[in-house]
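A.B. asks: Mind looking over this structure? Questions follow.
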Amino acid sequence: MPLPARSPSRRTATKFATEPANERLALETDFRSGLKAEEMVLYAQPQVNRNGNPVGAEVLVRWRNAKRGLVPPDAFIPMAEATGLILLLGKWVLEAACKTLASWARTPALEHLSLSVNVSVKQFHEADFADTVLAVLDETGANPARLKLEMTETIFAERLEDFVAKMQRLRKHGITFSIDDFGTGYASLRYLQRMPLDELKIDGSFVGDVLSNPNDAAIARIIISLADNLAISVVAEGVETPDQHSFLLEQGCQKFQGYLFGRPMPLAEFQVAMETPQVI
Ligand code: G
Ligand code: G
Ligand code: MN
């Protein structure tokens, strides 16, 4: 039985397929050379704990291109997924994030922060995924305990044993795992129990309506108590208003991410904001 679709989905995987072929090809060609020319840029969005103190950030990639301007991920991730370029992009993002962590380790205002990196299921499927992550950590000198890998619920759809084995191996080194956009996809409670997870992220589409839609409020509550029962952490994404924040605090949510605490911003700006907390 098909699951009811949640809307609006921020993952527009089908859009790329419906664009004219010449535009698709131009996007792919430009992106491929953009990757080589180091046109990708890391943005970071803060995550705060219950006291409002920053505990980490999510890395969100952008593409800065002379012709196209600053391109948001929704405009190229579906193409990168469809063409396999997501593997090159994913490796670049991982390296850049780990270099960032290594440099933060030398800065008192930043050393305690973790970085969450979005990992495509395609990337995770690669036989050498765990080796790659460990090699990047080794080369950059980043602390594995500060690296969190975010994956969507689509990892529950197939080859679970393979995923679990890779996760267990990486977790032995201190790397942590988070399920992104939780509540919108395939997660089965039986599988959830078997996954060596550290965190669930409540999808922003629920958070946006917690005060106006009782169903979304119930879903947010359920996810928080699910995380509590699994003894893992829970982050609310897309928190925009103090009322949403208060509701989620009352429900016991542990961490928060959203415009209320800071937009995704260039790394340099993020670092300045962390060194002068009143900016956020
Ligand atoms: O701000 P935002 O527009 O940054 O991100 C849009 C979407 O792009 C999100 O669903 C996010 O998970 C995805 N995304 C952002 N950066 C990355 C990345 O480095 N890798 C992957 N696979 N997805 C990313
Ligand atoms: O990886 P993920 O799908 O969770 O990506 C987070 C997405 O949510 C990014 O596109 C980011 O720019 C966006 N985002 C972050 N904070 C907010 C917010 O407070 N409100 C809204 N509407 N979107 C947000
Ligand atoms: Mn994410």
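The values are calculated or read from the model by the stated rules, or taken from the named source; none is laboratory data. Only a predicted model underlies this, so the values are computations on that prediction, with no experimental measurement involved. With ideal geometry, Cβ positions are generated from the backbone for all residues, glycine too; neighbour counts draw on all protein chains shown.
A.B. asks: Quick check on L60: is it surrounded by 20 or more Cβ atoms within 10 Å (Cβ to Cβ), modelled with pLDDT of 95 or more and either within 16 Å of the chain's Cα centre (by Cα) or charged (D, E, K, R) (or both)? Full working, then the answer.
C.D. replies: Working: surrounded by 20 or more Cβ atoms within 10 Å (Cβ to Cβ): no; modelled with pLDDT of 95 or more: yes; either within 16 Å of the chain's Cα centre (by Cα) or charged (D, E, K, R) (or both): yes.
No, not satisfied.
A.B. asks: Specify which of the listed residues (L88, L137, L101) is more than 16 Å from ligand 3 (Cβ to nearest atom) and over 21 Å from F177 (Cβ atoms). Explain how you work it out, then say what you get.
C.D. replies: Values: L137 fails: over 21 Å from F177 (Cβ atoms); L101 fails: over 21 Å from F177 (Cβ atoms).
Residue meeting the stated conditions: L88.
A.B. asks: Give the residues of region 101-120 that are of a type in the set (A, V, I, L, M, F, W, C) and more than 9 Å from ligand 1 (Cβ to nearest atom), sorted by residue number. Working first, answer last.
C.D. replies: Here is the first cut: in region 101-120, the residues of a type in the set (A, V, I, L, M, F, W, C) are 101-102, 104-105, 109-110, 113, 115, 117, 119.
Matches in region 101-120: L101, A102, W104, A105, A109, L110, L113, L115.
A.B. asks: Look at region 179-198 and say how many of its residues are more than 17 Å from D162 (Cα to Cα), among the hydrophobic types (A, V, I, L, M, F, W, C) and assigned to a loop (DSSP other than H, G, I, E, B).
C.D. replies: 0
A.B. asks: Another one. Please enumerate the residues belonging to region 238-254 that are on the phi < 0 side of the Ramachandran plot, away from ligand 2 (no atom under 13 Å from the Cβ), part of a loop (DSSP other than H, G, I, E, B) and out of contact with any Ser or Thr (no Cβ under 7 Å at 6 or more places or on another chain). Quick ask: steps written out before the conclusion?
C.D. replies: Within region 238-254, the subset on the phi < 0 side of the Ramachandran plot is 239-251, 253-254.
In the following step, the residues that additionally are away from ligand 2 (no atom under 13 Å from the Cβ) were identified as 243, 246-247, 249-251, 253-254.
Then keep just the ones that are part of a loop (DSSP other than H, G, I, E, B); that gives 251, 253-254.
Selection gives Q251, C253.
This table checks each residue for (1) surrounded by fewer than 16 Cβ atoms within 10 Å (Cβ to Cβ); (2) of a type outside the set (D, E).
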site: F177; (1), (2): no, yes
site: V207; (1), (2): no, yes
site: A220; (1), (2): no, yes
site: I223; (1), (2): no, yes
site: V239; (1), (2): no, yes
site: E250; (1), (2): yes, no
site: Y259; (1), (2): yes, yes
site: Q271; (1), (2): no, yes
site: E275; (1), (2): yes, no
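A.B. asks: Of the residues T107, T152, T132, which is among the hydroxyl-bearing types (S, T, Y) and within 16 Å of ligand 2 (Cβ to nearest atom)? Working first, answer last.
C.D. replies: Working: T107 fails: within 16 Å of ligand 2 (Cβ to nearest atom); T132 fails: within 16 Å of ligand 2 (Cβ to nearest atom).
On inspection, the qualifying residue turns out to be T152.
A.B. asks: Same structure, new question: Applying the selection to region 199-225, what residues are aliphatic (A, V, I, L, M) and part of a strand (DSSP E or B)? I'd like the intermediate steps shown before the answer.
C.D. replies: Taking region 199-225 as the starting set, the residues that turn out to be aliphatic (A, V, I, L, M) are 200, 202, 207, 210-211, 217-220, 222-224.
Within region 199-225, L200, I202 qualify.
A.B. asks: Restricting the first residue to region 205-230 and requiring it to be hydroxyl-bearing (S, T, Y), which pairs with a second residue that is surrounded by 16 or more Cβ atoms within 10 Å (Cβ to Cβ) meet a Cβ separation below 7 Å and a spacing of at least six or different chains?
C.D. replies: S205/T184
A.B. asks: Any chance you could count how many residues in region 225-246 are more than 16 Å from ligand 1 (Cβ to nearest atom) and under 11 Å from F206 (Cβ atoms)? Please lay out each step first, then the result.
C.D. replies: Let us first name the residues in region 225-246 that are more than 16 Å from ligand 1 (Cβ to nearest atom), namely 225-234, 241-246.
Among the residues that remain, those that are also under 11 Å from F206 (Cβ atoms) are: 244.
Count: 1.
A.B. asks: Kindly indicate the residue of region 80-100 that is surrounded by fewer than 20 Cβ atoms within 10 Å (Cβ to Cβ) and either within 8 Å of ligand 1 (Cβ to nearest atom) or in contact (Cβ under 8 Å) with a residue 60 or more places away in the chain (or both) and also nearest to L248 (Cα to Cα) among those meeting that condition.
C.D. replies: Across region 80-100, the extreme among qualifying residues is E81.
A.B. asks: Do we find that L85 is within 17 Å of the chain's Cα centre (by Cα) and within 22 Å of E28 (Cβ to Cβ) in this structure?
C.D. replies: Working: within 17 Å of the chain's Cα centre (by Cα): no; within 22 Å of E28 (Cβ to Cβ): yes.
Here the answer is no, as L85 does not meet what is asked.
A.B. asks: What pairs come out if I take residues in region 40-53 that are at positive phi and surrounded by 14 or more Cβ atoms within 10 Å (Cβ to Cβ) and pair them with residues that are among the polar types (S, T, N, Q) and assigned to a strand (DSSP E or B) whose C-beta lies under 8 Å away, six or more apart or interchain?
C.D. replies: Final answer for the pair search is none.
A.B. asks: Check off (1) buried (at least 20 other Cβ atoms within 10 Å of the Cβ); (2) over 29 Å from A105 (Cα atoms); (3) within 16 Å of ligand 2 (Cβ to nearest atom); (4) modelled with pLDDT under 95 for F163 and give me the number that stays unchecked.
C.D. replies: The failed condition is (3).
A.B. asks: In this structure, is A145 in contact with a Pro (Cβ under 9 Å, 6 or more places away or on another chain), among the aliphatic types (A, V, I, L, M) and either on the phi > 0 side of the Ramachandran plot or surrounded by fewer than 16 Cβ atoms within 10 Å (Cβ to Cβ) (or both)? Lay out the reasoning, then the answer.
C.D. replies: Values: in contact with a Pro (Cβ under 9 Å, 6 or more places away or on another chain): no; among the aliphatic types (A, V, I, L, M): yes; either on the phi > 0 side of the Ramachandran plot or surrounded by fewer than 16 Cβ atoms within 10 Å (Cβ to Cβ) (or both): yes.
Judged against the criteria, A145 is not a match.
A.B. asks: Identify, from the list V210, V235, the residue that is within 13 Å of ligand 2 (Cβ to nearest atom), hydrophobic (A, V, I, L, M, F, W, C) and more than 30 Å from C98 (Cα to Cα). If you could, list the steps in order and put the result at the bottom.
C.D. replies: Values: V235 fails: more than 30 Å from C98 (Cα to Cα).
Going through V210, V235 in turn, just one is within 13 Å of ligand 2 (Cβ to nearest atom), hydrophobic (A, V, I, L, M, F, W, C) and more than 30 Å from C98 (Cα to Cα): V210.
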